[in-house]
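The values are calculated or read from the model by the stated rules, or taken from the named source; none is laboratory data. Being a predicted model, the structure only gives us computed values, none of them experimental. Cβ coordinates were reconstructed from backbone atoms using ideal geometry, including for glycine residues, and neighbour counts include every protein chain displayed. SASA here: full protein model, heavy atoms, side chains in, ligands and nucleic acids out. Shrake-Rupley method; radii C 1.70, N 1.55, O 1.52, S 1.80 Å.
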There are 2 protein chains.
Amino acid sequence: MTNTLFSPPYYAVIFTSVRSEYDENYHEVSLAMLELAKQQHGFLGVDSARSEIGITVSYWRDEAAIRAWKVNADHWIAQKKGREIWYDFYSVRVAKVEREYLFEKDKIL
Amino acid sequence: MTNTLFSPPYYAVIFTSVRSEYDENYHEVSLAMLELAKQQHGFLGVDSARSEIGITVSYWRDEAAIRAWKVNADHWIAQKKGREIWYDFYSVRVAKVEREYLFEKDKIL
């Protein structure tokens, strides 16, 4: 949970997905990709939730960091498996965060 | 599920939250706010998922639409109850969507 502020401007990649019924290796690869993302230059944080659909929002310092992550070799293989096996549908939106607010109970930020 | 493209540039409001243990009226008000948001000028769509945390991403044509929604009287009351009762933590990020991609199985978009 990204309960910190990252100082705009920075970038968010909004990944929304509907899973298929096949989950061969899905969880192992998801975790591996998360660990790999965290090691990338310019990675700031990630939030993820899944109920009927899944939403993962990852945060990056700049566009160069997003582009480098997109073409990372291991990530590229995972993206290919995502299209072939794991997802019936997904969307990717790249957005520039202009402002942000945090609320924490019993705490004035 | 927003399985359509909205033609960038447009805006995304990324709302990430941790619920408190109190859910008095939470679901009724959530649904009412969703219906109210859909009626707002400039509203494009919304995606929502909740597991350990909740993520709701709403999409808007421009910043003016977001500002109008933020100060909507009924929504303002719901925001106040959110801080007082429903949420231990939340963050709001306003971001300008610059590009988007969709993948749908067995369909070339």
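Overview of values
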{"read-out": "Chain A - mean residue ellipticity at 222 nm from DSSP helices (-39,500 (n - 2.57) per run, n ≥ 4, rounded to 500)", "value": "-8000 deg cm²/dmol"}
{"read-out": "In the A-B interface, the accessible area buried, summed over both sides, Å² (probe 1.4 Å)", "value": "3900 Å²"}
{"read-out": "Cross-link partners of B:K105 among lysines (Cα-Cα below 17 Å; sequence separation of 8 or more within a chain)", "value": "A:K80, A:K81"}
{"read-out": "Across the identical copies, how the B:E28 labels are spaced - nm, sorted shortest first, 7 Å along Cα→Cβ", "value": "4.9"}
{"read-out": "Carbon/sulfur fraction of accessible area - the protein assembly as shown, other protein chains in place, 1.4 Å, %", "value": "55 percent"}
{"read-out": "Chain-alone versus full-assembly comparison, region B:50-70, residues with accessible loss of at least 50 Å² (1.4 Å probe)", "value": "B:I53, B:I55"}
{"read-out": "About the Cα centre, charge dipole magnitude for the protein assembly as shown (Lys/Arg +1, Asp/Glu -1 at Cβ), debye", "value": "720 debye"}
{"read-out": "For region A:1-27, residues shielded by at least 50 square angstrom of accessible area compared with the chain on its own, probe 1.4 Å", "value": "A:M1, A:I14"}
{"read-out": "Per principal axis, descending, Cα span of the protein assembly as shown in whole Å", "value": "48, 35, 31"}
{"read-out": "Assigned charges on the beta-carbon of Lys, Arg, Asp, Glu; region B:23-109 dipole about Cα centre (debye)", "value": "340 debye"}
{"read-out": "Point-to-point label distance, A:K105-A:V18, nm (Cα→Cβ direction, 7 Å offset)", "value": "3.5 nm"}
{"read-out": "Accessible surface, chain B, averaged per residue in Å² (probe 1.4 Å)", "value": "55 Å²"}
{"read-out": "Rg followed by Dmax, in Å, when region A:1-46 is reduced to its Cα trace", "value": "13.4, 39"}
{"read-out": "Compactness relative to 2.2 N^0.38 Å, alpha carbon Rg of chain B", "value": "1.14"}
{"read-out": "Label distances, nm, B:L5 versus same residue in remaining copies, Cβ-directed 7 Å point", "value": "3.6"}
{"read-out": "Using a 7 Å Cα-to-Cβ projection, A:H41 label spacings across copies, nm, ascending", "value": "4.7"}
{"read-out": "Whole-Å distance, taken between Cα centres, linking region A:1-53 and region B:12-58", "value": "20 Å"}
{"read-out": "Furthest towards positive pole of dipole, B:I85, B:G42, B:H27, structure part the protein assembly as shown, Cβ charges", "value": "B:G42"}
